[in-house]
1. Among the helices (runs of 4 or more DSSP H) confined wholly to segment 17-133, which include 2 or more residues that are touching a residue at least 24 places away in the same chain (Cβ under 8 Å) and open to solvent by less than 60 Å² (accessible area, probe 1.4 Å)?
2. Give segment 58-101 a look and list any residue that's within 21 Å of Ala48 (Cα to Cα) and at pLDDT 95 or above, or say none.
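The values are calculated or read from the model by the stated rules, or taken from the named source; none is laboratory data. This one's a predicted model, so the numbers in the text were calculated from it and none came from an experiment. Counting neighbours? That spans all protein chains shown, and the Cβs are built from the backbone with ideal geometry, glycine included. Each accessible area value is taken on the protein alone, full model and side chains, heavy atoms only, with ligands, DNA and RNA left out. Shrake-Rupley method; radii C 1.70, N 1.55, O 1.52, S 1.80 Å.
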Amino acid sequence: MRRVERVCISVPSDLLAEFDSAISKMGYPNRSKAVQDAMRALLAEWKASEGLAGEVNGAIVMIYEHRKPGLVDELLDIQHEHEDLIVATMHIHLTEEDCLEVIAVRGDASRVRALAEALKTKKGVKALKSVIL
């Protein structure tokens, strides 16, 4: 039997409530199993993106908290550092707190991946999905 590690994480209460509701409807027996599956899905997505090479086209779609102090400046700085990859952007106000940004990209797969990872890891970015073709 494999060793099991116990971890402690901080999660916003609204996210946890939504997660608990979703996993209950999906039939998960507990949070641990659902989190393990989510971790495996994240790793599978990351491994698949690692296999991309050469010139690619796609879009990076993210939702972020636009009122988080300093976040918009950080996101813009990252985008300016990768301006040769960015073809166009679209910004949509979802709520008073959240914005959706769509970034059309074209360029080397590893650099597009680096751009997405730089954006995704910023505190206040709630979700990010890359669609690479």
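1. Details: elements: 31-50, 71-81, 109-120.
In segment 17-133, 71-81, 109-120 are the helices (runs of 4 or more DSSP H) which contain 2 or more residues that are touching a residue at least 24 places away in the same chain (Cβ under 8 Å) and open to solvent by less than 60 Å² (accessible area, probe 1.4 Å).
2. The first filter runs over segment 58-101 and keeps only residues within 21 Å of Ala48 (Cα to Cα), leaving 58-62, 85.
Answer for segment 58-101, where residues must be within 21 Å of Ala48 (Cα to Cα) and at pLDDT 95 or above: Ala59, Ile60, Val61, Met62, Leu85.
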